[in-house]
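Each remark here refers to the structure printed beneath this line.
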Amino acid sequence: MFNPVTQSQRFDPDGTFIRYWVPELRDMDSKRIHQPGDGRPVRYPAPVVDLKTSRKAAIEAFQALK
């Protein structure tokens with residue numbers, strides 16, 4: 001399963017890409033920038049997709065194909 005948070009942490013640990021493209025998050029520390037959660041800036045939107053729920057649904061869908 002592709003997890004964008006894990007990929008971001010692994011390949012851009014300092015959040016350079018995020019800081020460039022999402023200036024609202026540029027002042028966050030390097031650990032929290034990958035998943036702002038409740039500490040996100042006031043005008044920054046809440047997550048659209050719950051990664052745990054979507055991962056579970058994807059696994060179930062793949063298993064149903066067998």
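The values are calculated or read from the model by the stated rules, or taken from the named source; none is laboratory data. What you are looking at is a predicted structure, and each value in this text was computed from that prediction instead of being measured. Here Cβ is always computed from backbone atoms with ideal geometry, including for glycine, and neighbour counts include all displayed protein chains. Quick note on the areas: whole protein, heavy atoms, side chains included, nothing else; ligands and nucleic acids left out. Shrake-Rupley method; radii C 1.70, N 1.55, O 1.52, S 1.80 Å.
Could you tell me whether any residue of the range 18-29 is open to solvent by 50 Å² or more (accessible area, probe 1.4 Å), out of contact with any helix residue (DSSP H, G or I) (no Cβ under 6 Å at 6 or more places or on another chain) and of a type in the set (Val, Ile, Thr)? Quick ask: steps written out before the conclusion?
Of all residues in the range 18-29, those open to solvent by 50 Å² or more (accessible area, probe 1.4 Å) come to 19-21, 23-24, 26-27, 29.
Subset that is out of contact with any helix residue (DSSP H, G or I) (no Cβ under 6 Å at 6 or more places or on another chain): 19-21, 23-24, 27, 29.
Cutting the leftovers down to of a type in the set (Val, Ile, Thr) gives us none.
No: zero hits.
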Problem - Subset of the range 23-55 (residues that are hydrophobic (A, V, I, L, M, F, W, C) and in contact (Cβ under 8 Å) with a residue 12 or more places away in the chain) - result: Leu25, Met28, Ile33, Leu51
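Can you tell me which residue is modelled with the lowest pLDDT among those in the range 1-15 that are surrounded by 12 or more Cβ atoms within 10 Å (Cβ to Cβ) and not small (Gly, Ala, Ser)? Full working, then the answer.
Of the range 1-15, the ones surrounded by 12 or more Cβ atoms within 10 Å (Cβ to Cβ) are 3, 6, 8-9, 12-13, 15.
So of that shortlist, the ones also not small (Gly, Ala, Ser) come out as 3, 6, 9, 12-13.
Values: Asn3: 87, Thr6: 92, Gln9: 95, Asp12: 96, Pro13: 96.
So, considering only residues that are surrounded by 12 or more Cβ atoms within 10 Å (Cβ to Cβ) and not small (Gly, Ala, Ser), the one modelled with the lowest pLDDT is Asn3.
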Practice task
Being hydrophobic (A, V, I, L, M, F, W, C) and open to solvent by 100 Å² or more (accessible area, probe 1.4 Å) is the filter; apply it to the range 30-56 and report the residue that is modelled with the highest pLDDT.
Solution key: Val48
Handout entry: Qualifying positions in the range 18-31 - within 13 Å of the chain's Cα centre (by Cα) and within 15 Å of Pro4 (Cβ to Cβ)
Key = Ile18, Val22, Leu25
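Hey, among the residues in the range 1-47 that are part of a loop (DSSP other than H, G, I, E, B) and hydrophobic (A, V, I, L, M, F, W, C), which one's nearest to Ala61 (Cα to Cα)? Steps first, answer last, please.
Filtering the range 1-47 for residues part of a loop (DSSP other than H, G, I, E, B) gives 1-3, 12-15, 22, 26-31, 35-36, 40-47.
Still in the running and hydrophobic (A, V, I, L, M, F, W, C): 1-2, 22, 28, 42, 46.
Numbers: Met1: 12, Phe2: 15, Val22: 32, Met28: 36, Val42: 36, Ala46: 26 Å.
Residue satisfying both the conditions and the ranking: Met1.
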